[in-house]
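Structure first, then comments.
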Amino acid sequence: MDSKQKILDFLSGCKSASGRELRDLLGISRQALNIHIRTLIESGDLLKSGSTRSARYSLATQAPESVSSARDLSLAGLDESEVYSGLATVLNLPRLLPSNVEAIVRHSFTEMLNNSIEHSAAERCRIRVRLEAGWVSFVVRDRGIGVFHSIASKLNLEDEQAALVELLKGKTTTMAETHSGEGIFFTSKAVDRFVLRSHRIQLEADRARNDIFVSQKRFIEGTDIRVFIRRTTRRRLEDVFSEFAPEEYDFQFQKTKIFVKLLQQNYISRSEAKRLVANLEKFTEIVLDFRGVRSIGQGFADEIFRVFARRHPGITISTQNANPVVEAMLRHIDQSITNTH
């Protein structure tokens, strides 16, 4: 019988075990045990609660029943950090979650609740945090003006769809004097599943599929945000920040990634390109993900990769996931630019 199976068999007869107990069972070093534990956690067979030397392990199938805490809150004078601290205490999150997971939950929850407090113009909101065998999740629901409507009206955008695209670029805020516009951007990157619904638009960011989906739903008042984080994830919040605010940019938020398909699937004109790159001059590095885009026209590509690029020579523009049709046009534009030099 291999070591991983011995761990599973041992835990089937008890509620949980410490790392020392499992090392004594197998007669192996801490480093060797960590290899087996990591494999079992990644396969979904094992759950870890706590961190470092106080960590305990249990079978996912024997995890305790889900627990949750929900509250109806007045937003006037509300402190999002105090709300989270109270919920974390009730649900015992610092002990039950690995430290990296608890940090992601704390950051994303306080950011989303702060958005409701400061931007929704609602009087109250409803929150819920749920701890399940494999997941920790939360909901922040207000009945205010709606996040996309707020951005569209205050930034004079043509519609809520345009507000959605601006929001996903990052650094988009209606209160520039007090907010950086980074909360939703980094939360959607840090968690495993992020669902934001307001009025008729639903945005879903799915980390497992490394994709973003937008759909039309029935109208709801205000904003509904639902966030899901795997309890077994090894992702660290600092790694997410370093991806888009790396050391070479002095840890400033200077890199963004745009899913081009969010505007449409076929692009022809320069005006469409101008809409896509609007406000991107505030970044140093732009990644354009063409997944799901069927075709682009010469004018569209020229406006981005020649006109915009020459206007902002300090900005690096790269592309990902272009199909053969799009790739051919990108090569054509690149060759045209080369020949004009």
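Quick grid of which residues meet (1) assigned to a strand (DSSP E or B); (2) not small (Gly, Ala, Ser):
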| site | (1), (2) |
| --- | --- |
| Glu281 | no, yes |
| Ile286 | yes, yes |
| Gly292 | no, no |
| Gly299 | no, no |
| Arg306 | no, yes |
| Arg310 | no, yes |
| Ile317 | yes, yes |
| Asn339 | no, yes |
Original post:
Restricting the first residue to segment 64-91 and requiring it to be surrounded by 17 or more Cβ atoms within 10 Å (Cβ to Cβ), which pairs with a second residue that is part of a helix (DSSP H, G or I) and among the polar types (S, T, N, Q) meet a Cβ separation below 6 Å and a spacing of at least six or different chains?
Top reply: Glu80/Thr110; Glu80/Asn114; Tyr84/Thr110
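Given the criterion hydrophobic (A, V, I, L, M, F, W, C), in contact with a Phe, Trp or Tyr (Cβ under 8 Å, 6 or more places away or on another chain) and at pLDDT 95 or above, identify the matching residue among Val139, Val105. Before the answer, list the steps.
Values: Val139 fails: in contact with a Phe, Trp or Tyr (Cβ under 8 Å, 6 or more places away or on another chain).
Being hydrophobic (A, V, I, L, M, F, W, C), in contact with a Phe, Trp or Tyr (Cβ under 8 Å, 6 or more places away or on another chain) and at pLDDT 95 or above holds for just one of Val139, Val105, which is Val105.
If you check Val147, Val139, which single one turns out to be buried (at least 22 other Cβ atoms within 10 Å of the Cβ) and touching a residue at least 60 places away in the same chain (Cβ under 8 Å)?
Values: Val139 fails: buried (at least 22 other Cβ atoms within 10 Å of the Cβ).
That would be Val147, the only listed residue that is buried (at least 22 other Cβ atoms within 10 Å of the Cβ) and touching a residue at least 60 places away in the same chain (Cβ under 8 Å).
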Original post:
Leu11 versus (1) under 22 Å from Arg128 (Cα atoms); (2) hydrophobic (A, V, I, L, M, F, W, C); (3) buried (at least 16 other Cβ atoms within 10 Å of the Cβ): which is the lone unmet condition?
Top reply: (1)
Subject >> Flag if Glu272 is assigned to a helix (DSSP H, G or I) and under 27 Å from Val240 (Cα atoms) >> reply: no
Original post:
Scanning for something in a loop (DSSP other than H, G, I, E, B) and not aliphatic (A, V, I, L, M), does segment 326-336 turn up at least one residue?
Top reply: no
Original post:
In segment 150-165, how many are surrounded by fewer than 19 Cβ atoms within 10 Å (Cβ to Cβ) and in contact (Cβ under 8 Å) with a residue 12 or more places away in the chain?
Top reply: 4
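In segment 196-217, how many are over 18 Å from Gly144 (Cβ atoms) and either in contact (Cβ under 8 Å) with a residue 12 or more places away in the chain or over 15 Å from the mean Cα position of the chain (by Cα) (or both)? Outline the logic, then answer.
Taking segment 196-217 as the starting set, the residues that turn out to be over 18 Å from Gly144 (Cβ atoms) are 204-216.
The next check asks that each one be either in contact (Cβ under 8 Å) with a residue 12 or more places away in the chain or over 15 Å from the mean Cα position of the chain (by Cα) (or both); those that pass are 205-208, 211-212, 214-216.
Number satisfying all stated conditions: 9.
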Original post:
How about segment 1-60: which of its residues are more than 24 Å from Thr233 (Cβ to Cβ), assigned to a helix (DSSP H, G or I) and of a type outside the set (Lys, Arg)?
Top reply: Gln5, Asp9, Phe10, Glu21, Asp24, Leu25, Leu26
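Which of the following residues is within 27 Å of Lys171 (Cα to Cα) and surrounded by fewer than 16 Cβ atoms within 10 Å (Cβ to Cβ): Glu281, Glu303, Glu285, Glu327? Lay out the reasoning, then the answer.
On the way: Glu303 fails: surrounded by fewer than 16 Cβ atoms within 10 Å (Cβ to Cβ); Glu285 fails: surrounded by fewer than 16 Cβ atoms within 10 Å (Cβ to Cβ); Glu327 fails: within 27 Å of Lys171 (Cα to Cα).
One residue alone meets the criteria, Glu281.
Taking the conditions exactly as written (of a type outside the set (A, V, I, L, M, F, W, C), in contact (Cβ under 8 Å) with a residue 24 or more places away in the chain, in a helix (DSSP H, G or I) and in contact with a helix residue (DSSP H, G or I) (Cβ under 6 Å, 6 or more places away or on another chain)), does Thr110 satisfy them or not? Before you say what the answer is, go through the steps one by one.
Values: of a type outside the set (A, V, I, L, M, F, W, C): yes; in contact (Cβ under 8 Å) with a residue 24 or more places away in the chain: yes; in a helix (DSSP H, G or I): yes; in contact with a helix residue (DSSP H, G or I) (Cβ under 6 Å, 6 or more places away or on another chain): yes.
Answer is yes for this residue.
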Subject >> Residues located in segment 58-83, provided they are modelled with pLDDT of 85 or more and under 26 Å from Asp9 (Cα atoms) >> reply: none
Subject >> Selection from segment 92-109 of residues that are closer than 15 Å to Glu132 by Cα and either among the aliphatic types (A, V, I, L, M) or buried (at least 17 other Cβ atoms within 10 Å of the Cβ) (or both) >> reply: Leu93, Leu96, Leu97, Pro98, Val101, Glu102, Val105
**OP:** Report yes if Arg124 is under 27 Å from Ile229 (Cβ atoms), of a type in the set (D, E, K, R), in the same structural domain as Arg218 (by TED's automatic domain parsing) and within 22 Å of the chain's Cα centre (by Cα), otherwise no.
**Re:** no
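The values are calculated or read from the model by the stated rules, or taken from the named source; none is laboratory data. As the structure is a computational prediction, the values presented were derived from the model and not from experiment. A quick note on method: Cβ atoms are made from the backbone with ideal geometry, for glycine too, and the neighbour counts reach across all protein chains shown.
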